[in-house]
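Only one structure is covered here, and it is reproduced in the block below.
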Amino acid sequence: MKKPFKILYREKIVCPNCQNSEDFYEVIENATIFIYYLQNEDGSLEAIEEEIEVLGPVKFFCANCNTELTQMRNK
Ligand SMILES: [Zn+2]
């Protein structure tokens, strides 16, 4: 028997500027991206894995009016 899992109620993020509550995007200001390659017999490179190390602040925006909503997301 599986235990029923709790669905936590979370307050929805609503853009105070345009009331959008569906479309958002995130900007990572300082990140290092590692792409691992495997070299084939013929010398061509094949990307096998990608890793992103976030170093800087991550900002959250409304995709409709571009208002920054980072504070609303973190509360
Ligand atoms: Zn908005």
GluC sites (Glu not before Pro) lying in DSSP loop within the chain, provided at most 11 other Cβ fall within 10 Å: Glu11, Glu22, Glu29, Glu41
The chain: chymotrypsin sites (Phe, Trp or Tyr not before Pro) falling in loop per DSSP and having at most 12 other Cβ within 10 Å: Phe5, Tyr9
For the chain, alpha-carbon Rg and Dmax in angstrom: 19.5, 56
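What is the magnitude of the charge dipole of segment 24-74 about its Cα centre, with +1 placed on the Cβ of each Lys and Arg, -1 on the Cβ of each Asp and Glu, and no other charges, expressed in debye to the nearest 20?
Values: 2 positive and 10 negative charges, 107 e Å.
With Lys and Arg at +1 and Asp and Glu at -1, about 520 debye.
Suppose a student asked you for the relative contact order of segment 24-74, using Cα pairs under 8 Å spaced at least 6 residues apart; what percent would you report?
40
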Neighbourhood charge, 12 Å Cβ-Cβ cut-off, centred on Lys59 and excluding it, Lys, Arg +1 and Asp, Glu -1: -2
Loop-resident sites, segment 1-70, for trypsin sites (Lys or Arg not before Pro), counting at most 15 other Cβ within 10 Å (DSSP): Lys2, Lys6, Arg10, Lys12
Computed helical MRE - 222 nm, the chain, DSSP H runs ≥ 4 contributing -39500 (n - 2.57), nearest 500: -1500 deg cm²/dmol
Distant-in-sequence amide H partners of Phe60 (H built 1.01 Å from N, under 5 Å): Val27, Leu69, Thr70
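Every read-out reported here was derived from the displayed coordinates using simple, explicitly stated rules and does not represent laboratory data. Just so we're clear, the structure is a prediction, and the values are computed from it rather than from any experiment. Quick reminder, even Gly has a Cβ in these numbers, built from the backbone with ideal geometry, and neighbours come from all protein chains shown.
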